[in-house]
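*Asks:* Before anything else, here's the structure in question.
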Amino acid sequence: MSPPEFNSFNFNKSVHEAKMARIQRRLIFPLALLLAVGFYYTSSFHSSIPALRWQHGSAIAPGVLDDPEYFWRKLPTHYQLQSIRPLPGGKPLKLPKIQHQFSQETSAEKATRLERQLAVQEAFGRGWKAYREHAWLQDELAPVSGGAKNTFGGWGATLVDNLDTLWIMNMRSEFEDAVAAGTNISFETSSLTEVNVFETTIRYLGGFLSAYDLSGDQRLLRKAREVGDMLYVAFDTPNRMPITRWDVTKAGKGELQEASSWALVAEIGSLCMEFTRLSFVTGDPKWFDATERITEVLKAEQSKTKLPGSTYPPPSLLDVFSNMQNYATLLLYAILLLTVDTVWPISINPKTKDFHGDNTFSLGAMADSVFEYLPKMVALSGGLLPEYGEMYTYAANTAKKYSFYRPMTPDNADILLAAAVHVNKDGAGKEVPMSDFVGQHLVCFVGGMLAIGTKLLQRPDDLDIARKLTDGCIWTYASMPHGIMPETFLMTPCPSKSTTCEWDEYAWKKALLASAEEDVTKLTKEQISALADQVISDKRLPKGFTDVMDRRYILRPEAIESVFVLYRVTGDKSLLESAWTMFQAIQEASKTNLANSALADITIASKDKPHQTDSMESFWMGETLKYFYLIFSEPSLISLDEYVFNTEAHPFKRLLR
Ligand code: DMJ
């Protein structure tokens, strides 16, 4: 039977009051709980973002970010999170200064600097004008034909990637025009089936965030958040690892997704700067949480990888405890833990979170920015995320041990290059690291990374290495007929990094024949030399190079990036000359009627013009020209003590005390 109050239409007041009292009693506990949780959440949330308040005061203008109708924000989540990692709390630390204490320049120095800066700005201005006229709102300008290309989602990559450069170069009316157009781009659909989450993050999210950080224009923050909301859907997988090559159309239809069993470590491990900055400026920790889960895997997996492999594997905790007879064992374990420096391989498995199984290691293509972001996250977070510093220490130590080598050069140059490493089993089944002396333009960022690490993580000994690595890139530029470095090449290592390394022409010739897979066992010394001369001529090998596998120059920034960073760190004026020489060489070969083009082969004779491939990726203006411009600017413009660059050269504000 139903209670009287429910089967009577005229139930009296006391029955009603009794019911209300019961309801209230039932509600009190859950309400109190809700309030307590709410209070805890809000207080921990706010206590977790004081760093943000140091930088911004009030972070978000009310109303500007509230767009509940935005497509990607409304999409239902398939894999709900149990908890969200809060933003790091506490005041940012007082980190060491990165920039050199520059003294006043002479008026002659200033005149030269400004002349060079203007030349860079003119190159940028031509490119921007051509993009505006021929490829507006497309991803890239085709700089020879005047056509357009869509390579990165079709959302106007060049436009978004260059908002901050326009601001930095003080091109304010072009900036306003670009902001108006950029904030109208629709990210609800893409003209491409597959979208690269990493490229979208570094170019679009990084582009909007940086332009916001520089200008304070809230429209840009709103747009950054839109891109962030879209990218966040790529993390809606059972284990919350993102899909790096992402079918954005399927995701938009709300289909179930799962992280793949193969990914490049750079594409998964270098989303953290952009996601963390977005969380800092919005105050919403969800993006930080998303990439922090990747960082946790990186951290857990770092000591398990095959480099240094079985040379001195860390003992399992079980082994240690079962054998822990005395303090000596414990001490040994502690020392082993401290000395196990490792890096992650290029290929990883996001589905199983295995980031250690592969045997190929490199600081270059496919891995580069995962390392670059380690010291930069320390800068970005004001030292509030110390795990990045720890991971950097391991990675930098490993690179020093296994990767950096001195190549043999005709002028006995004291330079370093960074080799890749393969860990393979030897005849006895033991895993041994083998160097692969391939040189890459992409790896040229390492000098700048180490230079930042010398300051932020107080590793002064690395400065000499940073300089030699940067000199290695400068040397390679200078050694080529057009003064431009190729994509990839091979050189012969000296017997040791530290001892002198005398040029040995015959050793070079034998090495290049080995690289060309010529069998020389039955040849005389003269025959070997003659055969080598033929290969040198056929392959157009400058002295010191044993092969040039990829002869293109695609307008990449990494060499000038390190020259710029090293200049800001050391104040060494010779770097300004190196930068100017590089800029002139690139301009000379790549300038088209409209802008600048990638080159097919920079090893052709200096009297011939390298073929221009009608391609100009957004990083030419967004990165390469930005670094050229900044090295010829006052060092206070985008100071490294206030900003930190993402891998696409977008400066983000650092959390400062
Ligand atoms: C850029 O998109 C970024 O610097 C990325 O990390 C590597 N490749 C290009 C430039 O070469």
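Since every read-out is calculated from the coordinates, none of them should be taken as a lab result. Every value quoted in this text rests on a predicted model; they were computed, and no experiment measured them. Glycine gets a Cβ as well: all are built from the backbone with ideal geometry, and neighbour counts include every protein chain shown.
*Asks:* For the range 254-267, take each phi angle, set θ = phi - 60°, evaluate the Karplus expression 6.51 cos²θ - 1.76 cosθ + 1.60, and give the result in whole Hz per residue in order, putting x for glycine and proline.
*Replies:* x, 6, 5, 9, 9, 5, 7, 8, 8, 7, 8, 4, 5, 6
*Asks:* Now a separate question. In terms of modelled amide H atoms, which long-range or inter-chain residues lie less than 5 Å from the amide H of Phe404?
*Replies:* Ala419
*Asks:* If you don't mind, another one. Taking R0 as 30 Å, what's the FRET efficiency between Thr249 and Ile84 from their Cβ-Cβ distance, rounded to 0.05?
*Replies:* Once rounded, the FRET efficiency stands at 0.60.
*Asks:* Which percent of Cα-Cα pairs in the range 359-488 sits in each 5 Å bin, short to long?
*Replies:* 2, 10, 19, 21, 18, 14, 9, 5, 2, 0
*Asks:* Right, next: Ranking Leu363, Leu192, Leu271 by Cβ neighbours within 10 Å, fewest first, what do you get?
*Replies:* Listing Leu363, Leu192, Leu271 from fewest to most nearby Cβ atoms yields Leu192, Leu363, Leu271.
*Asks:* Taking the number of other C-beta atoms within 10 Å as the exposure measure, put Asp236, Asp572 in order starting with the fewest.
*Replies:* Asp572, Asp236
*Asks:* At a Förster distance of 22 Å, what's the computed FRET efficiency of Lys609 paired with Ala111, Cβ-Cβ distance as r, to 0.05?
*Replies:* Taking R0 as 22 Å, the efficiency between Lys609 and Ala111 is 0.10.
*Asks:* For the range 512-609, what class follows from the C-alpha gyration tensor (a ≥ b ≥ c being the square roots of its eigenvalues): rounded when a/c is under 1.5, otherwise prolate if a/b is larger than b/c, else oblate?
*Replies:* In terms of gyration-tensor shape, prolate.
*Asks:* How much length would be gained if the chain were fully extended between Gln101 and Gln584, taking 0.36 nm per residue of separation minus their Cα-Cα distance, in nm to one decimal?
*Replies:* Contour length minus Cα-Cα distance gives 171.1 nm.
*Asks:* Still on this structure, I have one more. Around Asp436, which amide H atoms from residues at least 5 apart in sequence, or from another chain, sit under 5 Å from its own amide H, with H modelled in the peptide plane?
*Replies:* Counting only residues 5 or more places away or on other chains, the set is Ala420, Val421, His422.
*Asks:* Apply 1/(1 + (r/R0)^6) to the Cβ-Cβ distance of Trp136 and Thr521, taking R0 = 60 Å, and write down the FRET efficiency to the nearest 0.05.
*Replies:* With R0 = 60 Å, the Cβ-Cβ based efficiency is 0.45.
*Asks:* When only DSSP loop residues count, what GluC sites (Glu not before Pro) in the range 445-548 have their Cβ near at most 11 other Cβ atoms within 10 Å?
*Replies:* Sparse-neighbourhood loop GluC sites (Glu not before Pro): Glu502, Glu517.
*Asks:* Would you list which lysines come within 21 Å of Lys401, measuring only between C-alpha atoms, while excluding same-chain residues fewer than 8 positions from it?
*Replies:* In chain and number order, the partners are Lys299, Lys304, Lys306, Lys425, Lys430, Lys455, Lys468, Lys497.
*Asks:* Using Stokes-Einstein with the Kirkwood hydrodynamic radius over Cα pairs, what translational diffusion coefficient do you get for the range 466-565 at 37 °C and a viscosity of 0.692 mPa s, in µm²/s rounded to a whole number?
*Replies:* 219
*Asks:* Oh, and also: Can you compute 3J(HN,Hα) from phi for each residue in the range 347-355, using the Karplus curve 6.51 cos²θ - 1.76 cosθ + 1.60 with θ = phi - 60°, rounded to whole Hz and x for Gly and Pro?
*Replies:* With coefficients 6.51, -1.76 and 1.60, one gets 9, 9, 10, x, 5, 9, 6, 8, 10 Hz.
*Asks:* Which whole-Hz ³J(HN,Hα) couplings does the range 214-224 yield from phi under the Karplus relation 6.51 cos²θ - 1.76 cosθ + 1.60, θ = phi - 60°, glycine and proline marked x?
*Replies:* Once rounded to whole Hz, the list reads 7, 9, x, 6, 5, 4, 6, 5, 4, 5, 4.
*Asks:* For Val446, Val378, Val297, what ranking results if the residue with the fewest other Cβ atoms within 10 Å of its Cβ goes first?
*Replies:* By the 10 Å Cβ count, ascending: Val297, Val378, Val446.
*Asks:* Could you work out how far apart the two model spin labels at Ala600 and Ser173 are, taking each label as a point 7 Å from the Cα in the direction of the beta carbon, and quote it in nm?
*Replies:* For Ala600 paired with Ser173, the spin-label model returns 4.0 nm.
*Asks:* Using the per-residue mean of other Cβ atoms lying within 10 Å as a proxy for protection, in what order, highest first, do the peptides 123-129, 556-562 fall?
*Replies:* Per-residue Cβ counts within 10 Å, averaged per peptide and sorted highest first, yield 556-562, 123-129.
*Asks:* Separation of the range 167-194 and the range 68-87 by C-alpha centroid, Å?
*Replies:* Each part's Cα centre sits 25 Å from the other's.
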